Amino acid sequence: MSGGASPAGVAPRASRSGSRPRWSEFAVESLIRVLGFSTVGFVVLIFAFLLREGLPVFFKLPAAALLGELWYPTFGSFGSLPLILGSALVTLLAVLIALPLGVATAVFVREVAPRWAREILKPLIEVLAGIPSVVLGFFGMTTVAPLVRQWLGAPTGLTVFTGALVLAYMSLPTIISVAEDALDAVPRSYRDAGLAMGATHWQTTWRVVVPAGRSGVIIAGMLGMGRAIGETMAVMMVTGNAARLPIDPAALFRPVRTMTATIAAEMGEVARGSLHYHALFGIGIVLFVLTFLINLAAARAIFRRRRKGGLR
Amino acid sequence: MNARLAVQRLGFLLLGLAALVVVVPILVVVAGIVVRGIGAVSWEFLSAMPRAGMKEGGILPAIVGTLLLTLGTAVVAVPVGVGGAVYLSEYARDTAFTRAIRLAMVNLAGIPSIVYGLFGLGMFVLFLRFGTSILAGSLTLAIMTLPVVISTTEEALRAVPTEFRTVSASLGGTRWQGIRKVVLPQALPGIITGVILGLLRAAGETAPILFTVAAFYLPRLPHSPLDQTMALPYHLYVISTQVPGMPAEVQNGTAFVLLALVLLLNFVAAWIRSHFRRRRPW
């Protein structure tokens, strides 16, 4: 979302009345307009198809059954509470790990690090953003999980904690880049004023620059959360996939199952048109709405910060 | 005074430590996958069909499948994405509709990959009756890739100075001529970078192809866009979780090939970006 004035206004209007009407040109420009609108069309299409395949479950089963504590599709029990709590737990823990790490890294890269350090750090973070989810899941399964098992003496290394750890690293690139943008938007005069008052570089960074960019930090947390909640493959491979209620504190070190992993694991074996099939699409609707709301809120916050104009 | 400087040193140290905690695991993951996997890669591994329930032989159909899917994604996502970006950068005014487009892009970028998989299953596989096929998978991946292609292309287009457009117009060019002959060529390196970044994400995705293309074990190459195919990311998932007794060598080799493919594309994109940024005339 790059803001600022569109150069469209500057483009020539008069020249169009030039020689002869160009039908080919008219056709191309109409096509471009249609392509411009296509993204809106796709969002609507996606939601429409999710509703088409998923709504039946909401009519066939009462809300109480859908929010029950037992996800046991073979016996017709579609209580999604364990899945929702599972997703929530893994996501929150991941953001709790990733947000401070990511923001601190962004502050380091933007405000403190010498040029050479920055030129090593930034490409590495880009590499992380490019590593496919299955590859991270594979690494988590074969390397991180055994370590977790050893350290904790747990019966299995495939736990909420392992999942959150892997997810935290997957959402770090998003968090770092948003936080960097926020710091970038803090005017130079803030830093100059801090230093001129006799504050040290650290005091200026910590008490002036970071607080001035805090709305960006909140946005970074939201987008990181949106990313974490929708992650599928890595989470499925490292959380152990047991659909049970994670309520006691020890649940952190037990297997759990998320909404995304449930869809991915079960859709392949389900009869089309069955209640189970509709229920999985129903989870899809919940995920779509959740991420839609998170992104909407983040987009609004970004827009508000731009308009406020105090920064930038 | 000294105390303040000590605090400063401590603070910076902590920030630096945080950066290390972020970066070191990245190095460990990449190095770990490379060190463990590179030994398993041989010419046979890259060029042979899998045998004996995927436990022996190579991963050729998975490599070919991923390349075909990436190509299919590009065929759809590049024209639609570049067109959409041209609209946003060159034609759109700041209206409610333009804002709706931007909002749609943000949301499209945030939709979980598995939800794209559900959508592809509902629309392409079942409703349009493409079946589980390369066609259905490519379309699904293309829609997922659109936001990346559009936003990077738009950024590249906006970076072209306004003067280029004004001069083209002053020479009697129409708006479209200015875009096609001046703005797009100038923005090309940036567009290519964006397209590669989008495609490498598509190449590494598993969730959207689970129910739209991916074949569990299909030791032959696809013949038409309506065929199923194996694909590298799905293959890695299958052999590391679904097949008991799979030799670690095959798993590590597959992970290495997938990571190498994606990182290679990443470096190409980074190279194009820095190479042309230095050489551009403005």
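Any read-out appearing in this document is the output of simple, stated calculations on the displayed coordinates, not a laboratory observation. Note that this is a predicted model, so its numbers are computed, not measured. Note that we place each Cβ from the backbone using ideal geometry, even for glycine, and neighbour counts take in every protein chain shown.
What FRET efficiency do you get for A:Thr143 and A:Leu55 if R0 is 41 Å and r is their Cβ-Cβ distance, rounded to the nearest 0.05? With R0 = 41 Å, the Cβ-Cβ based efficiency is 0.45.
Comparing Cα centroids, region B:1-53 and region A:71-122 end up 17 angstrom apart.
Using 0.36 nm per residue and subtracting the Cα-Cα separation, the extra length available between B:Ala248 and B:Leu27 on full extension is 77.4 nm.
A simple packing score, the average count of other Cβ atoms within 10 Å per residue, orders the peptides A:191-197, B:124-130, B:204-210 as B:204-210, B:124-130, A:191-197, with the highest score first. Of the DSSP H helices in chain A, those that are both long (alpha-carbon extent of 27 Å or more along the helix axis) and hydrophobic (Kyte-Doolittle mean at least 0.0) are A:23-60, A:81-107, A:160-184, A:275-308. Of the DSSP H helices in chain B, those with a Cα length along their own long axis of 27 Å or more and a mean Kyte-Doolittle hydropathy reaching -1.0 comprise B:2-38, B:60-86, B:134-159, B:184-204, B:248-279.
Neighbouring Cβ atoms from other chains, within 10 Å of the Cβ of residues in B:90-98, number 4 on average.
In terms of surrounding Cβ atoms within a 10 Å radius of their Cβ, A:Thr162, A:Thr143 rank from fewest to most as A:Thr143, A:Thr162. Counting Cβ atoms of other protein chains within 10 Å of each Cβ in B:170-176 and taking the mean gives 5. Comparing A:Tyr190, A:Trp116, A:Ile302 along the charge dipole axis of chain A, the residue lying farthest to the positive side is A:Tyr190, per the Cβ-charge model.
Across the options B:Gln228, B:Leu264, B:Pro244, the greatest Cα extent toward the positive end of the charge dipole of chain B (unit charges at beta carbon of Lys, Arg, Asp, Glu) belongs to B:Leu264.
Arranged from fewest to most other beta-carbon atoms within 10 Å of their beta carbon, B:Thr152, B:Thr174, B:Thr66 become B:Thr174, B:Thr152, B:Thr66.
For the pair A:Thr74 and A:Tyr190, the difference between a 0.36 nm per residue extended length and the Cα-Cα distance amounts to 35.6 nm.
Spacing of the modelled spin labels on A:Leu245 and A:Arg304, each 7 Å from Cα toward Cβ, amounts to 3.6 nm. Can you give the FRET efficiency to the nearest 0.05 for A:Glu269 and A:His201, using r as the Cβ-Cβ distance and R₀ = 56 Å? The calculated FRET efficiency here is 0.45. Highest mean packing comes first when the peptides A:95-103, A:148-156, B:229-237, A:43-51 are listed by Cβ atoms within 10 Å, giving B:229-237, A:95-103, A:43-51, A:148-156. Highest average first, the peptides A:288-295, A:118-125 ordered by how many other beta carbon atoms sit within 10 Å of their residues are A:288-295, A:118-125. Entry for the protein assembly as shown at q = 0.06, 0.11, 0.12 Å⁻¹: log10 I(q)/I(0) = -0.33, -1.11, -1.30, Debye formula applied to identical alpha-carbon scatterers, no solvent contribution.
The H on the amide N of A:Ser77, modeled in the peptide plane, is under 5 Å from the matching H of A:Tyr72, each at least 5 residues off or on a different chain.
Once the Cβ-Cβ distance of B:Phe276 and A:Arg115 is raised to the sixth power relative to R0 = 22 Å, the FRET efficiency obtained is 0.50.
Remark: chain B carries a charge dipole of roughly 880 debye about the Cα centre, counting +1 on each Lys and Arg Cβ and -1 on each Asp and Glu Cβ. Legend: mean number of C-beta atoms from other chains within 10 angstrom of residue C-beta atoms, peptide A:285-291, equals 3.
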